[in-house]
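These notes are about the structure you will find just below.
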Amino acid sequence: MKSIILDIDGTLIDSMGVDPKLYFSSIERVLGPVSLCDLNDYNHVTDSGILGQILEDNGFSNQGQQIAAVKALFMEGLRSHIKDMGSFPVVDGAVEFVERIQRSADIRVAIATGCWRESALLKLRTSGFNIEGIPVATSDDSMSRVEIMRSALQMTSSNAGDVTYYGDAEWDKRACQDLCWNFVAIGPRLGGIESFSSVQL
């Protein structure tokens, strides 16, 4: 038995040109002008991790209310974008790849993403992915990407063994190194594959 764990943004769907802009715009609209870092400089590159660090770095105290407000505004922006522009483009062959995994008797599959659960499900469903029965671990489960990925594997009821993670960013690669997982790079940021069509299971 082997396990395949999948990222979403930049891996299954081409959303990295829009999602971060909506996310940081929502933060600035709720919090006002705040000190921001480059994505790679945050301790945890996840929706909850980045926002938590921004709140701490900028001295905000009433964090629960502010997090809820940022989430609500971000989801409003995401829904508006999808309504106006249509669903996010799917990485070539990604829908069919997920379907192939689901049909396989000897592969366990889960999704591990740094985005919040509500936005993850919205993006996947509107982009044509059938994720019924697939466990989804998100930034609502932990601010740590490593912990999110570990939770996703646990949700498959697998005893680990051969685990492969598909991701598009340097933080995905680092997390796989920490977990001693196989890593497959997707897209141009890491010089990864551009299509799932040729991926062998």
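Per-structure values
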{"item": "Flag for Ile111 being out of contact with any Gly (no Cβ under 8 Å at 6 or more places or on another chain) and without any contact (Cβ under 8 Å) to a residue 40 or more places away in the chain", "result": "no"}
{"item": "Residues (assigned to a helix (DSSP H, G or I) and either open to solvent by 30 Å² or more (accessible area, probe 1.4 Å) or in contact with a helix residue (DSSP H, G or I) (Cβ under 7 Å, 6 or more places away or on another chain) (or both)) located in region 96-107", "result": "Glu96, Glu99, Arg100, Gln102, Arg103"}
{"item": "Test: residue in region 9-25 that is within 19 Å of Arg150 (Cβ to Cβ), in contact (Cβ under 8 Å) with a residue 60 or more places away in the chain and surrounded by 13 or more Cβ atoms within 10 Å (Cβ to Cβ)", "result": "yes"}
{"item": "Of all residues making up region 31-88, the number that are assigned to a helix (DSSP H, G or I) and open to solvent by 50 Å² or more (accessible area, probe 1.4 Å)", "result": "17"}
{"item": "Restricting region 111-141 to residues that are open to solvent by 30 Å² or more (accessible area, probe 1.4 Å) and small (Gly, Ala, Ser), the residue that is farthest from His81 (Cα to Cα)", "result": "Gly133"}
{"item": "Selection from region 148-201 of residues that are open to solvent by 30 Å² or more (accessible area, probe 1.4 Å), under 16 Å from Ala112 (Cα atoms) and either among the charged types (D, E, K, R) or touching a His at 6+ places or on another chain (Cβ under 7 Å) (or both)", "result": "Arg150, Glu170, Lys173, Arg174, Asp178"}
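The values are calculated or read from the model by the stated rules, or taken from the named source; none is laboratory data. For clarity, every value in this text was computed on a predicted model and none was experimentally measured. Neighbour counts run over all protein chains shown; Cβ positions are idealised from the backbone, glycine included. The area values use the complete protein model at the heavy-atom level, side chains included, leaving out ligands, DNA and RNA. Shrake-Rupley method; radii C 1.70, N 1.55, O 1.52, S 1.80 Å.
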